[in-house]
Amino acid sequence: MSETDILPWHEDNWRLLMDCLDAGRLAHALMLTGPQGLGKGRFARRLSQALLCHKCGAGGEACGQCQGCRLFQAGNHPDFLTLEPLDNKKVIGVDQVREMTDFLSLKSQYGHYRCIRIMPAERMNENAANSLLKTLEEPPAGTVLMLVTDRPARVTATLRSRCQKITFGLPRRASALDWLAPRLPGRGREEAETLLALANGAPLAALALAGGEILDHRRPMLEDVALLFSRQGDPIAIAEKWLKLDAKASLYWLYSWLVDMSRLKMAGPASHLANPDFREDLLRISELIDTADLLLNISRIEKAILQLEGQVNPQLLLEDLLIACEVGSQNNEMNPAT
Amino acid sequence: MKFTISKEMLVKPLQMICGIVERRQTLPILSNVHASVSGNRLTLIATDLEVQMSTHAEILNGSDGSVTIPARKFLDICRALPDEATIVLSADGGEKATIRSARSRFTLSTLPAEDFPCMEAPRDAIRFGIAQDTLKYAIEHTQFAMAQQDVRYYLNGLLMEMAGSVLRFVATDGHRLALCDLVVPEAEELEKFNENQQIIIPRKGVLELSRLLEESDAPVQVAVGNNFIQLKTDQIEFVSKLIDGRFPDYQNVVPVNSDKRIVCERDLLRQALARVSILSNEKFRGVRLEFSPGLLHVHAHNPEQEEAEEEVSIDYDGPNLEMGFNVNYVQDALAACETAQVQLMLSDPNSCCLIHALDDEQCRYIIMPMRL
């Protein structure tokens, strides 16, 4: 799959922006939001290439032939800039935004647009966001800034209010499956359906899951959780094991299982799950913990997922969380009445 | 593509353009030099997306084509070869280029020439020719007043204004301003434009230009487009992007009704200021100038309560006047005047000071006073 494939669920937004462009009303600041795994960054890239193309074809699509497109595809277009966290960094710093301001102070090389893609926009630290404000409000003529984020609430409110919001929704399950299934050679439609459910309906995220190794570790990880809740596992050892796999992914899975368990507890064994393939196991494990503790643990994990993006020691975080989960189920055992 | 060239023909043009190849590049291809052969001419291009330089060299023989190769490594290799060496470079469109010379052989990685972001020569440009030393003079007598990394990005450059047959350069950082007028001999092109045409050349381009231009009356061809300015001499072609902004209305700042005229020896004043400034506040650099008939009293003190005083005789017969200035700005202006005597025009302590060479208003310097 190449970066330039057109994703079918983008079409509504694409047409919307092309209509704006034709009418000369394209906003200078766009915020592309929606769940992770929908290709919002790719949409920004596609829009940039179309704007920088010297002779746009039908539907406003870039021609792919001209010098502008050639440079763009080689990643060398002088009028296109992407701001993303630098290697080994978690945030987009103020220096990067200042570089962008310098970039905008000069005229464009080809006299067309200048496009700036900031992703993920919520990763800009406070200083960076503040120094962007002025430019975002009133950039030089012919500039389009695209802020890509799947957590608009984490973007400074002053930035959000200066952008036109373009929201990406999840595609319908059937059409997402139509797109996903042919891209998963050697796997059946049912497997694609499971992957899509695991990815919360986001096709690109499902595709990434299929390509990664983390899926193979799901089953053993769930067994760890079962041990933990029946007070037979060692939280420190489990934390160490999970850390080696991937702290972020394991937190995510733990979260999604616990959420599924709470669904099973409250809505019965037939409820809709994010992990349909583990229905039996989840039902079994959910017996080990009571609802109040389950909900408490869910909110703990939510907090931990956010903390993991900041400056926190992942090992300590994971150990702390798993111990809390275990203690929670212990209390349960000691006071069965609660 | 293939070409054969003698080392001495190649090294100098290559060296000239390698200066703008930055070590820290955002795009990998910018650390490469674009080499193309057409006939018996080799063209080398380097750019950092703000400025671009290209040079030519004559080759002994070769076949047409183009390629980009790592600039530094190419230069280092060529420089390290013996003086009388003949260099053969060949690139067959693959990912490598080979350099051969006598018993040496180097293989360099390449990137496709089509992916190199060249700046195109400005179309529908204003074109005129001017002597190199004249242009260099104007740039060197104004560029020191440009702002550095100011948030008012349009001040981080040099304004070039084309009005009739006069070419005017203006630089300012908001505290002082330098202005230089040039008369362009072949100004037919300029006169075609009724309105004053203004462009702002970015700081980097200006510094690079003053380095490039030579102290000779050889001509340089200037072309000014919407997005670029291009300067072309026999050896080199220089293109700079322009700043996308409007320069402030500097003409309002130039004082016209200053009634107090002071003439003094430039060197005496400079030396006096240099001595007094030692004890001025290191941050604000303020000095107090007290003008009285025939005498200028210069005074400075610093937070440690140390003081310096100097007297300089001047040619002045107006009322007493006391003003504060940033001594660095005054020194810069005096240094740029270059004549034995300079003229200061003042009106009152809250208005700016105009400095220029005696009876010569080609270059003018305006300094805002300080409240001390």
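The values are calculated or read from the model by the stated rules, or taken from the named source; none is laboratory data. In this text the structure is predicted, and so the values were computed from the model without any measurement. Positions of Cβ are generated from backbone atoms using ideal geometry, with glycine treated the same way; all protein chains shown enter the neighbour counts.
Go through (1) in contact with a strand residue (DSSP E or B) (Cβ under 8 Å, 6 or more places away or on another chain); (2) among the hydroxyl-bearing types (Ser, Thr, Tyr); (3) surrounded by fewer than 20 Cβ atoms within 10 Å (Cβ to Cβ); (4) over 23 Å from A:ARG46 (Cβ atoms) for A:THR101 and report which single condition fails.
Failed condition: (1).
Could you list, in sequence order, the residues of the range A:43-95 that are of a type outside the set (A, V, I, L, M, F, W, C), more than 14 Å from every other protein chain (Cβ to nearest Cβ), assigned to a helix (DSSP H, G or I) and more than 23 Å from the chain's Cα centre (by Cα)? Lay out the reasoning, then the answer.
We begin by selecting, within the range A:43-95, every residue of a type outside the set (A, V, I, L, M, F, W, C); these are A:45-46, A:48-49, A:54-55, A:57, A:59-61, A:64-65, A:67-68, A:70, A:73, A:75-79, A:82, A:84-85, A:87-90, A:93, A:95.
From the residues that got through so far, the ones that are more than 14 Å from every other protein chain (Cβ to nearest Cβ) too are A:45-46, A:48-49, A:55, A:57, A:59-61, A:85, A:88-90, A:93.
Narrowing further to those that are assigned to a helix (DSSP H, G or I): A:45-46, A:48-49, A:59-60.
Residues satisfying the conditions are A:GLY59, A:GLY60.
Give the number of residues within the range B:204-238 that are within 14 Å of chain A (Cβ to nearest Cβ) and without any contact (Cβ under 8 Å) to a residue 60 or more places away in the chain.
0
Go through the range A:214-248 residue by residue and tally those that are under 22 Å from A:GLU309 (Cα atoms) and among the charged types (D, E, K, R).
5
Being surrounded by 13 or more Cβ atoms within 10 Å (Cβ to Cβ) and within 14 Å of another protein chain (Cβ to nearest Cβ) is the filter here, so list the residues in the range B:239-296 that pass it.
B:VAL239, B:SER240, B:LYS241, B:LEU242, B:ILE243, B:ASP244, B:GLY245, B:PHE247, listed by residue number.
Only helices (runs of 4 or more DSSP H) wholly contained in the range A:173-238 count here; list those with 2 or more residues that are under 23 Å from A:VAL327 (Cα atoms), at pLDDT below 90 and in the same structural domain as A:LEU283 (by TED's automatic domain parsing). It would help to see each step written out before you state the result.
Working: elements: A:173-180, A:189-198, A:203-211, A:218-229.
Fully inside the range A:173-238 and qualifying: A:218-229.
Answer yes or no: is there a residue in the range A:73-81 that is among the aliphatic types (A, V, I, L, M), out of contact with any Pro (no Cβ under 8 Å at 6 or more places or on another chain) and in the same structural domain as A:GLU137 (by TED's automatic domain parsing). Break it down stepwise before answering.
Of the range A:73-81, the ones among the aliphatic types (A, V, I, L, M) are A:74, A:81.
From what is left, the residues that are out of contact with any Pro (no Cβ under 8 Å at 6 or more places or on another chain) are A:81.
When the remaining residues are screened for being in the same structural domain as A:GLU137 (by TED's automatic domain parsing), the result is A:81.
Yes - at least one qualifying residue is present in the range A:73-81.
Given the options B:ALA131, B:ALA121, B:ALA145, B:ALA85, name the one that is assigned by TED's automatic domain parsing to the domain that holds B:ASP173 and surrounded by fewer than 19 Cβ atoms within 10 Å (Cβ to Cβ). Walk me through how you get there before you give the answer.
Numbers: B:ALA121 fails: assigned by TED's automatic domain parsing to the domain that holds B:ASP173; B:ALA145 fails: surrounded by fewer than 19 Cβ atoms within 10 Å (Cβ to Cβ); B:ALA85 fails: assigned by TED's automatic domain parsing to the domain that holds B:ASP173.
Every option except B:ALA131 fails the conditions.
Please tell me if A:GLU190 is of a type in the set (Asp, Glu) and within 30 Å of A:THR101 (Cβ to Cβ). Can you show your working first?
Numbers: of a type in the set (Asp, Glu): yes; within 30 Å of A:THR101 (Cβ to Cβ): no.
Here the answer is no, as A:GLU190 does not meet what is asked.
Within the range B:96-123, which residues are farther than 27 Å from B:ILE229 by Cβ and either within 14 Å of another protein chain (Cβ to nearest Cβ) or touching a Lys or Arg at 6+ places or on another chain (Cβ under 9 Å) (or both)? Please lay out each step first, then the result.
Filtering the range B:96-123 for residues farther than 27 Å from B:ILE229 by Cβ gives B:96-112.
Once the filter is applied, which keeps residues that are farther than 27 Å from B:ILE229 by Cβ and either within 14 Å of another protein chain (Cβ to nearest Cβ) or touching a Lys or Arg at 6+ places or on another chain (Cβ under 9 Å) (or both), the range B:96-123 yields B:THR98, B:ILE99, B:SER101, B:PHE106, B:THR107, B:LEU108, B:SER109, B:THR110, B:LEU111, B:PRO112.
With a cut-off of at least 2 residues that are within 14 Å of another protein chain (Cβ to nearest Cβ), name the strands (runs of 3 or more DSSP E) lying wholly within the range B:1-60. If you could, list the steps in order and put the result at the bottom.
On the way: elements: B:2-6, B:32-38, B:41-47, B:51-58.
Hits in the range B:1-60: B:32-38, B:41-47, B:51-58.
Can you report the number of residues in the range A:105-146 which are within 14 Å of chain B (Cβ to nearest Cβ), touching a His at 6+ places or on another chain (Cβ under 7 Å) and among the aliphatic types (A, V, I, L, M)?
Final tally of qualifying residues: 0.
Considering only residues that are farther than 30 Å from A:LEU196 by Cα and surrounded by fewer than 21 Cβ atoms within 10 Å (Cβ to Cβ), which ones fall in the range A:142-159? Quick ask: steps written out before the conclusion?
Residues of the range A:142-159 farther than 30 Å from A:LEU196 by Cα: A:142-145, A:156-159.
Within the range A:142-159, A:GLY142, A:THR143, A:THR156, A:ALA157, A:THR158 qualify.
Filter the range B:250-299 for residues that are within 28 Å of the chain's Cα centre (by Cα) and among the charged types (D, E, K, R) and give the result.
B:ARG266, B:ASP267, B:ARG270, B:GLU282, B:LYS283, B:ARG285
Determine if the range A:254-277 includes at least one residue that is within 14 Å of A:GLN315 (Cα to Cα) and not β-branched (Val, Ile, Thr).
Within the range A:254-277, the subset within 14 Å of A:GLN315 (Cα to Cα) is none.
Checking the range A:254-277: not a single residue is within 14 Å of A:GLN315 (Cα to Cα) and not β-branched (Val, Ile, Thr).
Which pairs turn up if I take residues in the range B:104-129 that are within 30 Å of B:ALA218 (Cβ to Cβ) and look for partners that are hydroxyl-bearing (Ser, Thr, Tyr) and assigned to a loop (DSSP other than H, G, I, E, B) with beta carbon separation below 9 Å, at least 6 apart in sequence or on another chain?
Note: pairs meeting the criteria are B:GLU120/A:TYR110.
Step by step: first the residues of the range B:148-171, then only those that are closer than 22 Å to B:THR134 by Cβ, buried (at least 22 other Cβ atoms within 10 Å of the Cβ) and not small (Gly, Ala, Ser), then the one that is nearest to the chain's Cα centre (by Cα). Which residue is that?
As a first pass, look at the range B:148-171 and keep what is closer than 22 Å to B:THR134 by Cβ: B:157-171.
Checking the rest, the ones that are also buried (at least 22 other Cβ atoms within 10 Å of the Cβ) come to B:157-160, B:162, B:167, B:169-171.
Next cut, not small (Gly, Ala, Ser) only: B:158-160, B:162, B:167, B:169-170.
Working: B:LEU158: 8, B:LEU159: 11, B:MET160: 11, B:MET162: 17, B:LEU167: 15, B:PHE169: 11, B:VAL170: 12 Å.
Within the range B:148-171, the match that is nearest to the chain's Cα centre (by Cα) is B:LEU158.
Considering only the range B:46-82, how many residues are exposed (fewer than 14 other Cβ atoms within 10 Å of the Cβ) and among the basic types (Lys, Arg)?
Final tally of qualifying residues: 2.
Give A:ALA50, A:ALA23, A:ALA27 a once-over and let me know the one that is under 26 Å from A:ALA157 (Cβ atoms) and of a type in the set (Gly, Ala, Ser).
Only one candidate passes the filter, namely A:ALA27.
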